[in-house]
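Participant: This is the structure I want to talk about, given as structure tokens.
The values are calculated or read from the model by the stated rules, or taken from the named source; none is laboratory data. What you see is a predicted model; the values in this text were computed from it and never measured. Cβ atoms come from the backbone with ideal geometry, glycine included; neighbour counts cover every protein chain shown.
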Ligand SMILES: Nc1ncnc2c1ncn2[C@@H]1O[C@H](COP(=O)(O)OP(=O)(O)OP(=O)(O)O)[C@@H](O)[C@H]1O
Ligand SMILES: [Mg+2]
């Protein structure tokens with residue numbers, strides 16, 4: 001089998017070599033160290049570490065909340081990107097500048113700010129509590145924090161695609177009688193799907209790994225609002241490195257599978273355009 | 001008139017893109033909007049389609065004022081300059097788009113799309129995506145997609161601009177035949193005069209947001225209404241001072257105009273000339289133009305172009321020849337007048353095109 005570059009750009013061997021070395025150093029090597037470290041447990045110990053009910057509950061909370069946060073951001077991030085690209089209004093640049101803020105803020109600050117707002121005595125928490133809803137110290141709180149810190153991904157992935165999208169596609173739909181919702185669903189949405197999937201995948205992955213902001217608002221009740229990264233931290237603090245890396249390894253494998261799946265769907269979605 | 005524009009104007013934030021444009025097109029005719037870049041062709045086309053609203057004026061199709069009618073209800077098929085094929089849909093789905101929006105029955109859609117695929121000679125390619133088509137094929141799919149809902153008027157914005165020169169000639173002929181055989185009233189935009197002449201029944205010449213003249217290519221060529229049309233259609237060389245030329249001494253001083261190559265008769269040095277009013281000129285270049293020679297000449301410092309028959313006495317670069325400017329266009333305000341050399345006596349000549 002011969003490996004060839006799709007587009008015939010020269011320097012394929014060199015660039016592939018660089019890619020592989022870079023990925024090995026920055027990604028594979030650290031992961032390998034996790035595998036080696038956790039292998040000290042032996043198969044049996046490993047299984048016990050990762051199938052502990054408290055750990056399983058942690059996985060459930062982490063994956064579920066990250067999924068919901070990434071989905072929320074896919075919807076609202078898309079709307080946000082749409083508004084920023086398609087409308088001209090005073091304060092547009094200001095809002096555009098705000099988008100990256102969740103990245104710039106230390107995550108602990110985010111966590112404390114959210115906890116203050118949503119605690120039973122906070123601005124939002126108080127009216128919510130009056131309605132019998134509990135935001136902070138519940139799964140809702142975790143989702144809030146994860147949504148907040150992953151806002152930029154979908155917006156920034158979709159925005160350039162929307163900006164580049166030629167208006168004539170919409171006009172062609174309009175001339176053929178399509179209503180605005182039909183144009184969005186049948187003409188625009190397929191164009192932005194690959195970018196939307198990228199944004200979703202990035203949000204999801206980032207949310208899975210988030211620790212700093214969540215611990216302040218989650219309440220960290222075992223089996224209920226304890227996220228997997230926190231469990232890892234707890235084990236590390238007890239100098240239980242092997243079990244900590246075992247838990248981490250399962251998370252890594254699961255996220256890799258999910259990201260791989262998203263990439264597959266995405267490359268299928270954009271294959272029509274490449275021809 | 002089937003399609004009628006009456007005093008249409010359009011401004012884009014402070015820029016007057018279209019000024020007081022009026023014209024009419026008869027049913028079944030194929031008209032070209034021809035003009036230089038930025039002259040408002042696309043804007044006029046988009047206003048007819050309803051993709052842009054005119055600031056003033058009326059647009060009528062088949063007698064009905066359509067200004068306030070939704071684009072999709074005007075019965076118009078539109079072919080975009082970049083074709084705007086939906087990239088994530090197959091050829092079939094692209095062509096079927098307008099029909100599925102209208103909620104036609106699937107059987108009926110399949111039948112109509114099959115018919116159109118046959119018409120554009122692309123049966124068997126319906127499962128392809130636009131990225132897998134050549135430029136010419138994309139154009140034909142865009143054409144079929146616009147035709148699918150049976151429009152009564154077809155608008156095409158620079159339909160050949162994105163196609164390389166070789167395929168373009170073929171497609172031009174194809175599109176003209178196709179539109180003629182369907183009897184569909186059509187307007188297409190172009191900035192290429194050869195294209196307009198070859199494809200269109202009538203040409204509407206635009207310049208700086210105005211219509212300069214409308215007519216068949218022969219009309220535009222033989223009786224141009226404005227100096228712009230003289231310069232834009234066919235070949236001509238400008239003459240800044242007409243009264244300096246022999247035989248036109250009666251023209252008021254300062255008046256300018258233009259000369260077409262076929263308005264100039266060239267006589268070899270030893271040839272007998274029956275007319276007075278010939279002038280001496282030097283041959284600067286000789287180019288072969290298929291059926292005749294094109295001579296580049298200078299007359300008292302004024303560069304001129306003239307056609308010269310292959311059957312006449314051969315000339316060489318540097319020869320001093322005699323020439324007679326039989327006619328020229330006088331630019332008089334925004335108007336154009338055809339003047340005749342006084343060597344022919346006074347009074348207008350009708351058959352000035354015969355040599
Ligand atoms: N949406 C718009 N906003 C502002 N100005 C515009 C807009 N559309 C067109 N114009 C201006 O109006 C003028 C006419 O544009 P138009 O596209 O109709 O020209 P055209 O004759 O089609 O030119 P071309 O041959 O380059 O396509 C141009 O000067 C253009 O800059
Ligand atoms: Mg144009």
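Participant: Hey, residue B:281 hits all of (1) outside any strand (DSSP E or B); (2) crowded, with 16+ Cβ neighbours inside 10 Å but one; which does it fall short on?
Facilitator: (1)
Participant: Of these, B:137, B:118, which one is more than 27 Å from residue A:179 (Cβ to Cβ) and more than 14 Å from every other protein chain (Cβ to nearest Cβ)?
Facilitator: Only one candidate qualifies: B:118.
Participant: Let me ask something else about it. From B:206, B:190, grab the single residue that is crowded, with 16+ Cβ neighbours inside 10 Å, within 16 Å of ligand 2 (Cβ to nearest atom) and under 18 Å from residue B:83 (Cα atoms).
Facilitator: Of the residues listed, the single one that is crowded, with 16+ Cβ neighbours inside 10 Å, within 16 Å of ligand 2 (Cβ to nearest atom) and under 18 Å from residue B:83 (Cα atoms) is B:190.
Participant: Just name the residue that is farthest from ligand 1 (Cβ to nearest atom) out of those in segment B:28-60 that are touching a helix residue (DSSP H, G or I) at 6+ places or on another chain (Cβ under 8 Å) and within 22 Å of residue B:216 (Cα to Cα).
Facilitator: Filtering segment B:28-60 for residues that are touching a helix residue (DSSP H, G or I) at 6+ places or on another chain (Cβ under 8 Å) and within 22 Å of residue B:216 (Cα to Cα), the one farthest from ligand 1 (Cβ to nearest atom) comes out as B:30.
Participant: What single numbered condition from (1) in contact (Cβ under 8 Å) with a residue 24 or more places away in the chain; (2) within 30 Å of residue A:226 (Cβ to Cβ) fails to hold for residue A:60?
Facilitator: All conditions are met except number (1).
Participant: Among the residues in segment B:180-192, are any within 14 Å of another protein chain (Cβ to nearest Cβ), under 23 Å from residue B:118 (Cβ atoms) and not in a loop (DSSP other than H, G, I, E, B)?
Facilitator: No, segment B:180-192 has no match at all.
Participant: Also, quick follow-up: Report, by residue number, each residue of segment B:200-228 that is within 16 Å of ligand 1 (Cβ to nearest atom) and either part of a helix (DSSP H, G or I) or within 14 Å of another protein chain (Cβ to nearest Cβ) (or both).
Facilitator: Result: B:228, single match.
Participant: Let me ask something else about it. Within segment B:155-173, how many residues are within 11 Å of chain A (Cβ to nearest Cβ) and either part of a helix (DSSP H, G or I) or more than 16 Å from ligand 2 (Cβ to nearest atom) (or both)?
Facilitator: So the count comes out to 0.
Participant: Please find, among B:50, B:75, the residue that is at positive phi, without any contact (Cβ under 8 Å) to a residue 60 or more places away in the chain and within 26 Å of the chain's Cα centre (by Cα).
Facilitator: Selected residue: B:50, the only one of B:50, B:75 that is at positive phi, without any contact (Cβ under 8 Å) to a residue 60 or more places away in the chain and within 26 Å of the chain's Cα centre (by Cα).
Participant: When you look at residue B:91, is it within 16 Å of ligand 2 (Cβ to nearest atom), touching a helix residue (DSSP H, G or I) at 6+ places or on another chain (Cβ under 7 Å) and at pLDDT 95 or above, yes or no?
Facilitator: no
Participant: Could I ask something else about it? Do we have residue A:66 as touching a helix residue (DSSP H, G or I) at 6+ places or on another chain (Cβ under 6 Å) and either in a helix (DSSP H, G or I) or in contact (Cβ under 8 Å) with a residue 60 or more places away in the chain (or both) here?
Facilitator: Judged against the criteria, residue A:66 is a match.
Participant: So how many residues does segment A:151-188 have that are at the interface with chain B (Cβ under 9 Å from one of its Cβ atoms) and under 25 Å from the mean Cα position of the chain (by Cα)?
Facilitator: Qualifying residue count, segment A:151-188: 0.
Participant: Suppose we filter A:147, A:193 for residues that are within 14 Å of another protein chain (Cβ to nearest Cβ) and in contact (Cβ under 8 Å) with a residue 40 or more places away in the chain; which single one remains?
Facilitator: A:193
Participant: Any residue in segment B:98-109 that is within 14 Å of chain A (Cβ to nearest Cβ) sitting within a Cβ distance under 8 Å of a residue that is surrounded by fewer than 17 Cβ atoms within 10 Å (Cβ to Cβ) and outside any helix (DSSP H, G or I)? List the pairs, counting only those 6 or more apart or interchain.
Facilitator: none
Participant: Which of the residues belonging to segment B:1-54 are within 14 Å of chain A (Cβ to nearest Cβ), away from ligand 2 (no atom under 16 Å from the Cβ) and surrounded by 14 or more Cβ atoms within 10 Å (Cβ to Cβ)?
Facilitator: B:50
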